[in-house]
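Right, one structure below, let's go through it.
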Amino acid sequence: MSAVIEQHHDDHHHGPAKGLMRWVFTTNHKDIGTLYLWFSFAMFLLGGSFALVIRAELFQPGLQIVQPEFFNQMTTMHGLIMVFGAVMPAFVGLANWLVPMMIGAPDMALPRMNNYSFWILPFAFTMLASTLFMEGGAPNFGWTFYAPLSTEFGPPSTTFFIFAVHLMGISSIMGSINVVVTILNLRAPGMTLMKMPLFVWTWLITAYLLIAVMPVLAGVVTMMLMDIHFGTAFFNAGGGGDPVLFQHVFWFFGHPEVYIMILPAFGVVSAIIPTFARKRLFGYASMVYATASIAFLSFIVWAHHMFTVGMPLAGELYFMYATMLIAVPTGVKVFNWVATMWQGSMTFETPMLFAIAFVVLFTIGGLSGLMLAIAPADFQYHDTYFVVAHFHYVLVPGSVFSIMAAVYYWIPKWTGNMYDEKLGKVHFWLSFVGINVLFFPQHFIGLAGMPRRVPDYALQFADYNMISTAGAFLFGFSQLLFMFIVVKCVFGGKKATAQVWEGAHGLEWTIPSPAPYHTFTTPPKVDMSEAHG
Amino acid sequence: MDKGKQHGWLVALSLLFGAANAHADWTVNMREGVTEMSRQIYDLHMIIFWVCVVIGVLVFGVMLLSMLMHRKSIGAEPASFHDNTTIEIAWTVIPVIILVVMAIPATTTLNAMYDIGESDIDIEVRGYQWKWQYTYINDDPAKEVKFMSALLTPSEEINNLTPKREHYLLDVDNELVIPINKRIRFLITSQDVIHAWWVPDFAVKKDAVPGYIHEAWTNVIEPGIYRGQCAELCGKNHGFMPIVVRAVEQAEYESWLAEKQQEAADVFDIVGKEWTMDELMAEGESVYTRNCATCHQANGQGIPPAFPSLVGQGLAVGAIEAHIDIIVNGKAGTAMQAFGAQINAAEIAAVVTYERNAWGNNIGDLVQPKVIHEQLTGQ
């Protein structure tokens, strides 16, 4: 079918505007997707450079490079920027580019709001990053900003941090409303819910999670603001408040938040593995139900982050059991990917390599997560490097690898050029080795008793910290190669066909490469062969 | 389960990462510890670990096999199977069964941990930025033993000016001393931010939350010195507030306790006598180094704006009443703590005198411990 039926009644509206203003005023989902992706990559490099400061300081015992107060600012800013600036906007960028093309929609449903939701972000992060130059320094209380460390003892810049979080929240809520409205209203005729690609499904569920929990985050930072400036005592025990309340509210946001960062990754991997295995996804319906179950469970397990906070026995038991349950739908997902690979006809292009690495390393992170769920054992793991290793395994070779896989997979469609396959593979192997050298030893130092968020450590942790730092620099600098590959692909390369990948299914592969500025201005007809494969 | 084998496996894993080191013995795995509880937790940890290893090996094994056998390059043709209800039910139900099996020992252990029971000794553990205060609770207030426990590692070692000795960052000035084979109850709380009191060998980790008193207990089997650290980010020196517990025989514990009780009685005599300027300055410097230098720095210059300089400005060169007041009562909303509850009258007098006369602050006045004592007790 022709997906680019152009009416040509008014040429003015069909091409992008010229110059810088194109990007400022754009309401085109592809432009906005591009903006999101570049923004998130910039934040990834910024947050990554903070991580390298942390790892450099931890290369050896003793204080060498930074002082403890600056170290704490680095851990805090690294976490905030990676979560809110790198991973979340990258997935929104992918949603912008892909959701309309996957469901046969001409654009996102609310294009003007789409523009706003992106352009809030540079201001939010400029405000957040500017705290580094303020008197008293940047926020230094960890990305979880536990009260009363953040309220009664935080630096003056905490107020700017609160407003930055508010802006990010507004941006996320607008972005997710846009995704929900687009998916529910703009699907092409015949694209029923159960025919949607899994990336669309996972994003639909993610968007609901965002709408549900971002207001909770806004609430908790507003309560902080009141405590700091208006004399309330929500979290101040001295005024009748409760520091533990902060943690309950924060993690009620925080736990769904970690699934917000992984569900779209599941969608990406569920698109890539069938393509390169040349075999249909094993259990489409069970994947949808598993995603929905994970989303539901994410709301009822938050206090497993708080096993040592002094909950009563009944609370500990409940949160332990509920958390262990998450292993079931997550297992279903992993088994489905493995069953999809089984008896396929696999090739191993860069997106497939990242997707397979995702399955393996995310599973390792999932298994250490299962260990952490066992409350009595968690008394030993809690707040050690074991936890750091766990959540980095699900976030870096989890979410971040899936984003990289997605970029390699769809960039021929975006730019019309194939990326450099040889360099892509080099990038993959450097990242794969780097990430494991970086995070695997952290399991050991965590079990051996090294607490997290410390600028210095006892001598018995020295060897593994040194190895970990070497891995960090390898992984970090490999990402400059990623940037080079992407830029090279934008400016040239072997021309991509519309189909791009032999085994790819879905509406986005029916339109030419590069995708025209406007696609599906007339809705396509969807039959089974073009649905989820 | 054969522990030797388990260890071998972990060491082999660590060798993969090129780290054949002399102390691999306890840097790759959780410590078994020295209490029944910690050993139960260790066993639980090993069970889950092996369950995870088996699952991992199976899943990754199938993937690897598939990647070797089902590649296009060797002419593999894609099969077309999908959706098999039997398999899908199996891989939902089997994990549920595994989880239930894992949940049973976890529940038993958790139950035992929460059974505080009757304790032999009650110790209040109070977190401060960045040290611990231990109070041996006694019905007779005169016999109550109370002391602060802070990092002993000198800043020269931290700043790489002198070689780091054994127990770098894990040494304190005053250890917590407990008898073995007694049920010790810890009542854990905090004076400022949230800390967490963690001794890995006891498998006790509990947050110290201001406004809450949390309970934890231990019963140590083997005498020895056990080291831990604060486990909850609590500000600048979070990495520098270790915990050291010395577990000893009952007799040794009793003589230690008697000694501590005598020391407390002696403080009354010390406070009562007339001190000279030199005595106050000497004592003041040591009090300052232990309590004040982490923030205000050894040279008194501080780290403005969070930690103000004391040299030639502010309360240290102002009215002595205000100077004493801020040390005794602290300043709300800042890191400046109320030291009135942490150090005795002689130490307060000494540090006030020291700050007013060190680093070129030549105010020339001094304050006697007696005066401070009268203020503190409201006499």
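Only the coordinates and a few stated rules stand behind these numbers; no lab work does. Given the structure is predicted, the values throughout are model-derived calculations rather than measurements. Methodologically, a virtual Cβ is constructed for each residue, glycine included, from the backbone with ideal geometry; neighbour enumeration extends over all protein chains shown.
Just a few scattered comments:
- Ranked list, fewest to most other Cβ atoms within 10 Å of each Cβ, for B:Thr135, A:Thr330: B:Thr135, A:Thr330
- Separation between Cα centres of region B:252-325 and region A:60-110, rounded to whole Å: 47
- Residues A:Arg280, B:Arg356, arranged from fewest to most other Cβ atoms within 10 angstrom of their Cβ, appear as A:Arg280, B:Arg356.
- Too-long pairs where the Cα-Cα distance tops 19 Å, listed order kept, from A:Lys422/A:Lys488; A:Lys30/A:Lys422; A:Lys30/A:Lys279; B:Lys146/B:Lys236; B:Lys143/B:Lys273: A:Lys30/A:Lys422; A:Lys30/A:Lys279; B:Lys146/B:Lys236; B:Lys143/B:Lys273
- Count Lys and Arg as plus one, Asp and Glu as minus one, and take only other residues whose Cβ is under 9 Å from that of B:Gln133; the net charge is then +2.
- Translational diffusion coefficient of region A:300-428 (Stokes-Einstein, Kirkwood radius from Cα pairs, 37 °C, 0.692 mPa s): 197 µm²/s.
- Crossing angle, helix A:421-447 versus chain A [Cα axis fit, 0-90 degrees, rounded to tens]: 20
- Based on Cα atoms of region B:45-197, Rg over Rh with Rh as the Kirkwood radius reads 1.24.
- Only Cα pairs under 8 Å and 6+ residues apart enter the sum, and on that basis the relative contact order of chain A stands at 20 percent.
- Area projected by the alpha carbon convex hull of region B:273-377, averaged over all directions, nm²: 6.0
- Acute angle (nearest 10 degrees) that the helix A:284-297 long axis makes with the longest principal axis of chain A, alpha-carbon atoms: 30
- Sum of side-chain charges, B:Asn329 neighbourhood, beta-carbon under 15 Å (Lys, Arg +1; Asp, Glu -1): -2
- Over region A:30-530, the ratio between the Cα radius of gyration and 2.2 N^0.38 Å evaluates to 0.95.
- The helix-based estimate of mean residue ellipticity at 222 nm for the protein assembly as shown, built from -39,500 (n - 2.57) per DSSP H run of four or more residues and divided by its residue count, is -18000 deg cm²/dmol to the nearest 500.
- Along principal axes, Cα extents of the protein assembly as shown, largest first, whole Å: 100, 63, 46
- Share of Cα-Cα pairs in region A:50-162 lying beyond 20 Å, as whole percent: 53
- When the alpha carbon gyration tensor of region B:121-261 is reduced to an equivalent ellipsoid, its three semi-axes come out at 24, 19, 14 angstrom, largest first.
- Bins of 20 Å, starting at 0 and running to the largest distance - Cα pair percent for chain B: 22, 45, 23, 9, 2
- Each principal axis of the Cα cloud of region A:410-489 was taken in turn, and the coordinate range along them, longest first, works out to 53, 20, 17 Å.
- Region B:308-354 - Debye-derived log10 I(q)/I(0), Cα point model, q = 0.14, 0.15, 0.17, 0.18 Å⁻¹: -0.31, -0.36, -0.46, -0.52
- Charge context of A:Val388, other residues only, Cβ under 15 angstrom, K/R +1, D/E -1: -1
- Ordering A:His248, A:His382, B:His373 by the number of other Cβ atoms within 10 Å of each residue's own Cβ, fewest first, gives A:His248, B:His373, A:His382.
- Taking max minus min of the alpha-carbon positions on each principal axis, region A:373-457 gives extents of 53, 23, 19 Å, largest first.
- In degrees, nearest ten, helix A:88-103 long axis to first principal axis of chain A (Cα): 20
- Backbone geometry of region B:134-142 corresponds, through the Karplus equation with coefficients 6.51, -1.76 and 1.60 at θ = phi - 60°, to 3J(HN,Hα) couplings of 10, 10, 7, 5, 9, 4, 8, x, 5 Hz, x marking Gly and Pro.
- For a straight C-alpha distance cut-off of 14 angstrom, the aspartates and glutamates reachable from B:Lys182 (same-chain residues fewer than eight places away being disregarded) are B:Glu36, B:Glu118, B:Asp120, B:Asp122, B:Glu222, B:Glu249, B:Glu252, B:Glu254.
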